[in-house]
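Report on one structure; see the data block that follows.
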Amino acid sequence: MSEMIKVGMADLKLCISPNAITTLGLGSCVGIAIRDPVTKIGGLAHIMLPDSTKITNNQCIAKFADTGIAELVRIMVEAGAARNRLVAKIAGGAQMFALQGRSEAMAVGARNAEAVTKILGEMKIPILARDTGDSYGRTVEFFPETGDFVIKAVGRDIKKI
Amino acid sequence: MSKIDLNNMDRMYFDILSEIGNIGAGNATTALAQMLNTKVDMKVPKVELLEFSEVGEAMGGEEQLMAGIYQIVEGDITGSIMFLLEEKSAITLISKLMGTPEVDNAFEFGEMEHSALKEIGNIITGSYLSSLSTLTNLKIIASVPAISIDMCGSILSVPAIEFGAVGDKMLLIQTEFSDDVKLTGFFILVPDLESYDKILSSLGM
């Protein structure tokens, strides 16, 4: 019997097939699902901010794109995933509120998605699919068995990427 | 160095922030009563300092549909304020205010309902901020409101990210209003750390 593992905000967890992993209500945060297609070892991180080095209070490593992704990869490799086979799918990074003349302050979602893209690029982890941006929240489910990344949003059709 | 560390908040600081929440919610209730032209009772607000991962749960689950009204705060303090209303409460409030039948789903709200909710948020946060301003003698100005009707977790990501830049916890003030029906709303005030200091030192702390 497979299990659905839940990842909270500023959190990350390992998930090995046949289990699946989910995080609920991603807004401006970004969900990063990483998988080794051979061992079917996967994991999901729910990051809130782009860069831990810009902030003094940075003990919570799952909160930041840089430290969160590095930690997820570390625990996946420790569990037996091959570092050079890892592939990623990402979702979230929405702009939840639109305030006139404040687009800079409101664009934190876009900055998160950008940071995640850059970090995965630097780590040579290809992004196979993405569903980022726009202005609505997303719940995601990731299945390391198939690599399916299912995205649910209020009032929209379920998407599989 | 800031006097406040949100992860190790002193009991007295916490009590003061709670009390501001209390007074603010009282004023907000009066404003709501005037707007609806009925008597509105308010329960003592519940103030909690929560881990990010607990906030969604505390508000009834990350996937619960909510209306969030968000405003940027400027003046002597900077930050943001958000008022969140449970879907059912938003539907009831809109129906009362506009004299229309209750819709099934807050996602069906149109432009008009969004404007009305923004205005409700504006009035409620306005009365909250004015009590804070009176108490502290600080000038506090709120921007025009923006609205999002979506999953609670998604809406919360915005103040959580702002909080996230300073600590691993956030301050949530839950208020329950009732006239003949119960309305549940939440306040989240996100001053930056310097503003926390300003608020507390202006109160003689």
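Just so it is clear, none of the values below were taken in a lab; they were calculated from the coordinates. Source: prediction; values computed, not measured. Glycine gets a Cβ as well: all are built from the backbone with ideal geometry, and neighbour counts include every protein chain shown.
I'd like to know which of A:A82, B:L171, B:M35 lies farthest towards the positive end of the charge dipole of the protein assembly as shown, counting +1 on Cβ of Lys and Arg and -1 on Cβ of Asp and Glu.
Comparing the listed Cα positions along the dipole, A:A82 ranks first.
What is the calculated FRET efficiency for A:T39 to A:A110, with r their C-beta to C-beta distance and R₀ = 25 Å, to the nearest 0.05?
That gives a FRET efficiency of 0.15.
Can you give the translational diffusion coefficient of the protein assembly as shown in µm²/s, computed by Stokes-Einstein from the Kirkwood radius over Cα pairs at 10 °C and 1.306 mPa s?
Numbers: Rh = 21.1 Å.
Stokes-Einstein gives a translational diffusion coefficient of 75 µm²/s.
Kindly provide the GluC sites (Glu not before Pro) of region B:41-118 that DSSP labels as loop, not H, G, I, E or B, and whose Cβ sees at most 15 other Cβ atoms within 10 Å.
B:E102
Leaving out same-chain residues fewer than 8 places away, which aspartates and glutamates sit with a Cα under 12 Å from that of B:K139?
B:E74, B:D76
From the helices alone, meaning DSSP H stretches of at least four residues, give me the mean residue ellipticity at 222 nm for the protein assembly as shown, per-run term -39500 (n - 2.57), in deg cm²/dmol to the nearest 500.
-11000 deg cm²/dmol
Select from A:I55, A:I16, A:V150 the residue farthest towards the positive end of the dipole of the protein assembly as shown; place +1 on Cβ of Lys and Arg, -1 on Cβ of Asp and Glu, and compute about the Cα centre.
So the residue we want is A:I16.
State, as an integer percentage, the relative contact order of chain A based on alpha-carbon contacts under 8 Å between residues 6 or more apart.
So the answer I get is 27 percent.
Please give every one of the lysines within straight-line cross-link reach of B:K182, meaning a C-alpha to C-alpha distance under 18 Å, and leave out same-chain neighbours fewer than 8 residues apart.
Candidates past the 8-residue exclusion: B:K39, B:K43, B:K46, B:K88, B:K96.
How big is D, in µm² s⁻¹, for region A:53-143 by Stokes-Einstein at 10 °C and 1.306 mPa s if Rh is the Kirkwood radius over C-alpha pairs?
It comes out at roughly 108 µm²/s.
Students often forget the sequence filter, so: which lysines lie under 19 Å Cα-Cα from A:K13 once same-chain residues fewer than 8 apart are removed?
Within reach: A:K40, A:K63, A:K89.
If you wrap a convex hull around the Cα atoms of chain A, how much volume per residue is inside, in Å³?
That works out to 106 Å³ per residue.
At most 16 other Cβ atoms within 10 Å plus a DSSP loop assignment makes a site exposed; report the longest stretch of chain B without any exposed trypsin sites (Lys or Arg not before Pro).
Counting at most 16 other Cβ atoms within 10 Å as exposed, the longest clean stretch of chain B is B:44-138.
List the extent of the Cα atoms of chain B along each of their three principal axes, largest first, rounded to whole Å.
53, 32, 28
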